[in-house]
Amino acid sequence: MKLTLVFLVAFVVATATSLLVTPRVRRLAVKLGVLDATDERRMHAEPRPRAGGLAIYLAFAFALFVSIGLALKLSPTLFHRADDIHDVLGLLFGGTMIVIVGLWDDVMGMRPRDKLIAQLVVALISMSYGFIITGFEVPFAHVYVNVPLWVGLPLTLVWYLGMMNAINFLDGLDGLLTGVTAISGIFLFAIAIGHGHLVPALGLCALVGGALGFLPYNFNPAKIILGDTGSLFIGYVFATVSIIVTAKVAITVSLLVPLIALAFPVLDTALAIWRRIRAGKSIASADRGHLHHILVFRFGLNVRQAVWLIYAVAFVLGATAFVLSGGLGHMHIGGIV
């Protein structure tokens with residue numbers, strides 16, 4: 001019961017903080033002229049305040065501080081292990097670093113190469129905290145395969161860079177990424193808590209709360225957008241909690257589970273890279289060939305219809321990942337409270 005209360009507090013605090021902070025972040029962005037310009041690939045007709053992801057980050061960080069403090073007060077045994085606090089600090093520090101990168105890009109602008117280098121540095125910093133892929137479980141065989149460090153290090157880098165940029169590419173329609181974050185985060189939370197991974201579960205709980213608090217301001221027509229501040233931060237959190245889960249104790253289909261839950265942005269990114277390589281363009285170049293753009297421009301859906309359809313797809317993918325991870329058979333939150 002105590003652990004349930006901690007998760008509930010994290011969610012409520014993150015949601016309330018995001019709801020309260022987002023209008024203030026919006027006003028600050030307007031005052032400083034941090035606006036997302038209109039062009040042929042953007043879906044809005046007027047400039048929108050960006051860097052809204054700062055509100056989600058602040059809600060996330062505040063919720064973690066409050067919930068961890070509550071947990072230690074209720075029962076020191078809830079998060080008593082040194083590596084639990086270590087993981088929380090690493091998640092917060094790495095998240096702060098990637099938010100700084102996103103803010104810099106939203107406010108000052110960064111060349112794609114420089115932004116990629118900055119993401120690489122953040123990934124390396126996170127790996128110094130021990131967030132490294134050390135193995136994976138073979139799908140359906142329940143056999144865990146350890147990987148040597150010389151394989152795990154580049155695999156982790158690819159995981160971080162791939163996840164952050166896949167999530168970044170998905171942020172193309174009002175409310176799309178925010179809603180998908182909430183949906184995927186709920187299922188990944190259920191998977192993490194079902195297997196007893198408390199820190200990843202707590203982080204996901206705070207992320208989902210922050211996203212839901214931001215969504216009313218971000219849904220079409222959006223009053224503020226996430227910007228790279230939000231998309232890079234969300235991608236970083238998803239990448240890190242997935243690594244923590246797989247590094248601590250193997251779960252069914254291991255890294256495949258978060259890949260399935262987040263399959264839409266991952267597939268969209270893969271197709272975008274392939275499309276741009278075939279066209280002889282830089283993979284960092286922008287276009288209107290993303291799957292959410294196709295729904296609008298080729299199939300004639302409006303923004304809200306396209307977003308709701310992708311929400312449904314994200315729900316199905318999240319539910320599939322949950323079932324593959326063991327589903328309700330592994331839910332034992334009551335046993336670890």
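Just so it is clear, none of the values below were taken in a lab; they were calculated from the coordinates. These numbers were taken from a predicted model, which means no experiment stands behind them. We place every Cβ from the backbone using ideal geometry, glycine too, and count neighbours over all the protein chains shown.
Note that the stretch 181-188 has calculated 3J(HN,Hα) couplings of 4, 5, 5, 5, x, 4, 5, 5 Hz, one per residue in order, obtained from phi through the Karplus relation 6.51 cos²θ - 1.76 cosθ + 1.60 (θ = phi - 60°); glycine and proline are x.
Summing +1 for each Lys or Arg and -1 for each Asp or Glu among the other residues whose beta-carbon sits under 14 angstrom from that of S18 gives +3. Which FRET efficiency, nearest 0.05, do W308 and L149 yield, Cβ-Cβ r, R0 56 Å? It comes to 0.80. Here the simple spin-label model places points 7 Å from the Cα toward Cβ, and for I100 and V323 these points are separated by 4.5 nm.
How would S231, S75 line up from fewest to most surrounding beta-carbon atoms within 10 angstrom? Don't skip to the end; give the middle numbers.
On the way: S231 27, S75 14.
With the fewest neighbours first, S231, S75 line up as S75, S231.
Modelled spin-label separation between V316 and L301, with each label point placed 7 Å from Cα along the Cα-to-Cβ direction: 1.1 nm. Residue-wise HN-Hα couplings along the stretch 14-23, as the Karplus relation 6.51 cos²θ - 1.76 cosθ + 1.60 with θ = phi - 60° gives them from phi, are 5, 5, 5, 5, 5, 4, 7, 7, 3, x Hz; Gly and Pro carry x. 3J(HN,Hα) along the stretch 203-210, derived from phi through the Karplus expression 6.51 cos²θ - 1.76 cosθ + 1.60 where θ = phi - 60°, amounts to x, 5, 4, 5, 5, 4, x, x Hz, with x in place of Gly and Pro. Taking amide H positions as modeled 1.01 Å from N, with prolines and chain starts lacking one, the residues under 5 Å from G135 and 5 or more places away or on another chain are V147. Under a 5 Å amide H to amide H cut-off, with H placed in plane at 1.01 Å, what residues pair with R48 once short-range neighbours are removed? Answer set, sorted by chain and number: D36. Placing a pseudo-label 7 Å from each Cα along the Cα-to-Cβ vector at V30 and S75 gives an inter-label distance of 4.7 nm.
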